[in-house]
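Read through the structure below, which is laid out as structure tokens, and then see the notes.
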Amino acid sequence: MAADTTLMPPPRDRRTGATSSQVQNTAIHPDQRPTSSQEIGTPAGFGHGRRPTWTILAAFGGIVLLALNLRSAVTAVPPLLDRITADLGFNATVIGVLGAFPALAFSAAGLVGVRLLRRYSAERIAVGVLLVEALGQLGRPWSGSVPGFLIVSALTLLGMGVGNVILPALVKAWFPNRIGMVTAAYVTAVAIGTSVPALIAVPIANHLGWQRGLALWGAIALLPIPAWLITARTPRVLPAPPLLEGDRHTAADRRPHRIAVHRSPIAWGLALLFGMNALNLYAMFTWLPVRLVDAGAGDARAGAMLALFAGIGIVPSLLIPMLLGRIGRAGLIAAGCVGFFAAGYTGLLLAPMTLTMLWIVLAGLGGGGFPLVLTLFGLRSATPASAGALAGFAQGIGYLAAASGPLLVGLLHDLTGGWTAPFGFLGVTLLLMLVGGWLCSGNTTVDDDLRRRHSASPQPTG
């Protein structure tokens with residue numbers, strides 16, 4: 001049983017002077033890498049046969065509360081666009097740009113988050129992320145102009161995107177033996193944090209005005225900061241030390257460096273799985289109401305079906321991380337998600353006004369690829385450092401692909417005047433989603449991949 005490192009200063013290696021937390025983050029170099037990811041020391045926590053410490057509890061609460069705040073800046077705005085437009089003068093172009101911001105900002109955050117993890121502990125980054133979120137959401141309602149609102153929104157969303165990147169690393173570091181359970185908890189918190197702001201934005205604005213209504217979410221973003229200040233005293237997601245595969249630096253070279261996860265097929269599989277799943281979700285969020293209205297549904301019913309599509313995502317968020325932890329069949333689960341999407345799309349294309357709720361529920365369950373990938377970030381990495389690098393890489397590529405989904409579906413609909421071509425395009429993306437699931441279906445970690453590639457590559461002589 002691993003010692004509870006929150007009760008005393010972590011021991012240091014006599015040869016390197018590194019703490020146990022730093023040793024845990026040392027990955028990839030073939031001379032330093034343990035033979036199995038299971039041999040790496042794991043901190044005590046839930047399910048380890050001992051009472052969790054306050055620091056462990058703070059980490060769990062911090063993870064869930066951080067996740068709860070990662071989408072409020074996205075979904076609190078659309079219900080209030082009429083009021084914001086009346087005050088700030090938004091036009092259709094501005095609204096379109098604002099709608100594209102989340103995917104683009106989350107994609108950019110993949111690069112930014114990985115760079116930050118090379119220099120700072122994830123616990124300290126979490127504090128910074130929450131401060132950016134809070135200040136951004138408190139300030140943008142009173143920005144006073146369209147450019148100001150857009151700039152502050154972009155910075156706020158970038159901070160939220162960095163939160164997406166660091167969460168898998170934090171779960172890996174603090175709860176390595178409970179990745180499925182903790183991932184289920186935080187993905188469910190993301191789902192709740194996505195739906196609740198949209199649901200209550202209008203009632204709050206009716207009582208407080210839209211400016212104070214939006215600013216309220218900034219105040220809520222301050223709540224998790226005390227938990228991360230506690231964990232930042234004994235951080236477990238530290239910048240990876242030198243001597244990583246592909247970066248043949250000397251021991252004296254202390255520059256921040258990168259873990260070359262892009263060389264692993266597993267990383268590309270996760271990026272493909274995440275990107276195609278996100279593309280389908282963004283396309284449905286944008287075009288599902290239009291499809292139903294075209295088929296004869298009223299606006300109110302189309303909106304209710306969209307809410308059902310979003311809300312049903314809580315079910316796979318709860319079940320898939322724990323299911324993956326039990327059966328370990330990532331490829332099979334990915335195939336199941338593809339099957340749900342395909343069944344829902346078939347119904348929405350051929351008989352949208354017959355058994356509509358069934359098609360919506362089936363398509364919504366297909367979105368289980370999202371919690372699947374977030375869980376795999378922890379299971380397909382050996383250390384918190386590589387989990388963070390993997391999350392940044394996959395989300396950076398995945399969200400960029402997701403941003404193209406609504407645009408391409410709309411373009412095909414305009415060109416053909418129907419829905420066969422758009423759903424055909426989505427069907428092709430589901431095949432790519434299957435390929436992604438196959439690439440990450442084994443139990444190998446990216447660390448193992450990179451170690452093998454390093455060993456197989458020609459070594460310098462002399």
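Worth a mention:
- Checked against (1) more than 26 Å from L450 (Cα to Cα); (2) surrounded by fewer than 23 Cβ atoms within 10 Å (Cβ to Cβ); (3) of a type in the set (V, I, T), I320 meets all criteria but (2).
To keep it simple, each residue is scored yes or no on (1) aliphatic (A, V, I, L, M); (2) within 27 Å of L199 (Cα to Cα); (3) free of Cβ contacts under 8 Å to residues at least 40 places away in the same chain.
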| position | (1), (2), (3) |
| --- | --- |
| L306 | yes, yes, yes |
| L318 | yes, yes, no |
| A334 | yes, no, no |
| C337 | no, yes, no |
| P352 | no, yes, no |
| T356 | no, yes, no |
| I360 | yes, yes, no |
| A363 | yes, yes, no |
| G368 | no, yes, no |
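- Answer residue from region 256-289, given it is closer than 25 Å to T445 by Cα and surrounded by fewer than 24 Cβ atoms within 10 Å (Cβ to Cβ) and is modelled with the lowest pLDDT among those: P256
- Lone qualifier among A100, A122 - being in contact (Cβ under 8 Å) with a residue 60 or more places away in the chain, of a type in the set (G, A, S) and within 16 Å of A278 (Cβ to Cβ): A100
- Taking region 84-132 as the range and being under 16 Å from A154 (Cβ atoms) and outside any helix (DSSP H, G or I) as the test, only F90 passes.
- Filter pass, L434 being part of a helix (DSSP H, G or I), at pLDDT 90 or above and in contact with a Pro (Cβ under 7 Å, 6 or more places away or on another chain): no
Here is a yes/no grid of residues against (1) farther than 21 Å from R71 by Cα; (2) surrounded by 24 or more Cβ atoms within 10 Å (Cβ to Cβ):
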site: R326; (1), (2): yes, no
site: L332; (1), (2): yes, no
site: A351; (1), (2): yes, no
site: S381; (1), (2): yes, yes
site: Q395; (1), (2): no, yes
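- Subset tally (residues that are assigned to a loop (DSSP other than H, G, I, E, B), farther than 17 Å from G367 by Cβ and at pLDDT 85 or above) for region 290-328: 2
The values are calculated or read from the model by the stated rules, or taken from the named source; none is laboratory data. Keep in mind it's a predicted model, so treat the numbers as computed, not measured. As a convention, Cβ positions derive from the backbone with ideal geometry for all residues, glycine included, and neighbour counts pool all protein chains shown.
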